[in-house]
Amino acid sequence: RSRIFSGMQPTSDSLQLGNYLGALTQWVALQDEHDAIYCVVDLHALTVNPDPAVLRDRTRRTAAQFLAAGVDPARSILFVQSHVPEHAELAWLLSCQTGFGEAGRMTQFKDKSSKQGSEGTTVGLFTYPVLMAADILLYDTNLVPVGEDQRQHLELSRDLAQRLNQRFGPGTAVVPDPHIVKATAKIYDLQDPTSKMSKSAESPNGLIELLDDPKVVAKRIRSAVTDAEREIRFDPAAKPGISNLLTIYSALTGRPVDAIVADYDGKGYGDLKKDLAEVVVGFLAPFQERVHGYLADPASLDEVLADGADRAQALAAPTLERLYDRFGLLRRR
Ligand code: TYM
């Protein structure tokens, strides 16, 4: 069985549909056949300097959404990053193996830091991908299910693992592979269907948050930007808006895109949007009910997370010990 690791940041009250289709559904699908470890990466969320009470609340909310989506703590490990201090410890070792220029080439860093200016940009934002590499290498991870936007970060994790093996000998680190499912690797903004759906988009109207009011969600789908033609077909280059709606439709119903296109032969964009709105709302209503169930009982939720942290730490501690040893740190007797 191969080892899976992935994480999501608790940077919003609700996950968005891109997180769900790009990553979370893969997490759920992979947990039967693999040893899966899923993490609420609260240390990563510190890079946006959140209000402390808000961060705490969002950490629980994010975990509740993992559970509601079907992450099963009986089959996988579900925990909070800061509960296992080995993540931050390994990040230091890896930061001493990462080039300054190499980290500076990360496009997410370049985008975010250019918006914030050099005084507004923290060192934490710069070393963010190093902490992510630590998350992954700490568990000798084979496979990392993520969306397309994480590909470059994963490439850095691979480079670091290979570098450790070269410098400190074979078997120092496992080189992780990305698991990026092409069909849903990038869900696009409903108002700007050439940009990825993201909680930091300028207008909220292009975003579907999993905990949004279903009425608002239905309205956003009905007002999604499309094109001036009338024909419903899957063509991401020429028809990004319609193609994105078809992708979402297919992912939520399990029907192939071609079959959906055939269903709408001779029908209009309005029909497609109306039906998709029903599909999305039909998915969200029971999902939200499950989330609220988990949030209504924070003590049980915290227990699940504590158990997950114990199991994660039991795997992380020996890996970190091995790496400390290989790096030549004198171990305390
Ligand atoms: P984060 O929290 O921004 O996003 C969580 C996951 O959702 C995917 N995603 C999308 N997929 C498709 N379409 C979209 N529009 C879309 N938006 C987001 C992301 O690719 C991601 O898989 N750095 C990571 C968190 C992280 C991590 C890790 C991931 C920290 N350590 C270790 C894997 C392994 C991040 O910021 O994801």
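The values are calculated or read from the model by the stated rules, or taken from the named source; none is laboratory data. This is a predicted model, so every value here is computed, not measured. Don't worry about glycine lacking a Cβ; one is built from the backbone with ideal geometry, like all the others, and counts go over all protein chains shown. SASA here: full protein model, heavy atoms, side chains in, ligands and nucleic acids out. Shrake-Rupley method; radii C 1.70, N 1.55, O 1.52, S 1.80 Å.
Taken over the stretch 120-149, the residue count meeting the criterion of being part of a helix (DSSP H, G or I), over 20 Å from Gly99 (Cα atoms) and over 14 Å from the mean Cα position of the chain (by Cα) is 1. Considering each residue of the stretch 1-15, count those that are open to solvent by 10 Å² or more (accessible area, probe 1.4 Å) and either more than 17 Å from Ala64 (Cα to Cα) or near the ligand (Cβ under 8 Å from one of its atoms) (or both), and give that number. So the count comes out to 7. Criterion first (touching a residue at least 60 places away in the same chain (Cβ under 8 Å), polar (S, T, N, Q) and surrounded by fewer than 18 Cβ atoms within 10 Å (Cβ to Cβ)) does Thr122 satisfy it? Answer is yes for this residue.
Note on the stretch 117-137: residues that are touching a Ser or Thr at 6+ places or on another chain (Cβ under 6 Å) and within 10 Å of the ligand (Cβ to nearest atom) total 3.
Across the stretch 157-181, the number of residues qualifying as assigned to a helix (DSSP H, G or I), open to solvent by 40 Å² or more (accessible area, probe 1.4 Å) and within 13 Å of the ligand (Cβ to nearest atom) comes to 1.
Checked against (1) open to solvent by 40 Å² or more (accessible area, probe 1.4 Å); (2) modelled with pLDDT of 95 or more; (3) more than 14 Å from the chain's Cα centre (by Cα), Val84 meets all criteria but (1). The number of residues in the stretch 264-295 that are open to solvent by 70 Å² or more (accessible area, probe 1.4 Å) and within 18 Å of Asp212 (Cα to Cα) comes to 6.
Look at the stretch 149-165: where a residue is at pLDDT 95 or above and a partner is near the ligand (Cβ under 10 Å from one of its atoms) and charged (D, E, K, R), sitting 6+ places away or on another chain with Cβ atoms under 8 Å, you get Asp149/Lys186; Asp149/Lys196. Look through the stretch 231-252, keep the residues that are in a loop (DSSP other than H, G, I, E, B) and touching a helix residue (DSSP H, G or I) at 6+ places or on another chain (Cβ under 7 Å), and return whichever of them is most open to solvent (accessible area, probe 1.4 Å). Step by step, filter the stretch 231-252, then rank; the result is Phe234.
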